[in-house]
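Engineer: First the structure, which I've put down as structure tokens, then a few questions once you've had a look.
Derivation of every value follows stated rules applied to the coordinates shown; laboratory data play no part. Since the model is a prediction, treat every value here as computed from it, not as a measurement. Positions of Cβ are generated from backbone atoms using ideal geometry, with glycine treated the same way; all protein chains shown enter the neighbour counts.
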Amino acid sequence: MKYHPRLLILFLGIGGACDNYPKDPETTLEKITNSTLVVGYSANPPWVVPTDSIPTGLEPDLVRDFAKSRNAKIEWKNDTEQNLFEDLEQHKVHLVIAGLTDDSPWKDKVALTRSYVKEGKKKHVLATIQGENAFIVALEEFLHAQEKQMKAPAQP
């Protein structure tokens, strides 16, 4: 079989262009690794429980473990969901936690992770910057690895 040299060059060029996928246009995964993950949170017990210092609950614990896996410190930002989602759109925070479900009205403006736990028919997700695919993939791989030990917290 004879190959045309131009096709071979095209094939090699395309193959070389596929390095480092998925990509983050804003380099979010790179920025947070060995640095700081900025997390917005809004109270929604038992998923996110505010305290005087840092939040507790299932989602803050997940975020702490994810940050640890990236050797990142966490900067917590407490605000309303509305303000946090606006901050997410403007890339002022990397992640929003608030006991969100996959039917969030924000699902068309931000990226929602895969469901990490189900509570009845509700599928709980985290919200992140839309289009930051390497960051989303890293977060979803982490959530997938945690999935077997996850269960919905008891409601108060």
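Engineer: Taking A138 as the residue in question, decide whether it is of a type in the set (G, A, S), in contact with a helix residue (DSSP H, G or I) (Cβ under 7 Å, 6 or more places away or on another chain) and over 20 Å from G57 (Cβ atoms).
Structural biologist: Here the answer is yes, as A138 does meet what is asked.
Engineer: In addition: All but one of (1) crowded, with 16+ Cβ neighbours inside 10 Å; (2) outside any strand (DSSP E or B); (3) aliphatic (A, V, I, L, M) hold for V96, so report the exception by its number.
Structural biologist: So V96 meets the others, but not (2).
Engineer: Let me ask something else about it. Conditions: (1) within 13 Å of the chain's Cα centre (by Cα); (2) farther than 17 Å from V38 by Cβ. F135 meets all but one. Number of the miss?
Structural biologist: All conditions are met except number (2).
Engineer: Can you tell me how many residues within region 39-71 are outside any helix (DSSP H, G or I) and either surrounded by fewer than 20 Cβ atoms within 10 Å (Cβ to Cβ) or of a type in the set (S, T, Y) (or both)?
Structural biologist: Number satisfying all stated conditions: 15.
Engineer: Output the residues belonging to region 87-128 that are β-branched (V, I, T) and farther than 21 Å from L58 by Cα.
Structural biologist: The one that is β-branched (V, I, T) and farther than 21 Å from L58 by Cα: V110.
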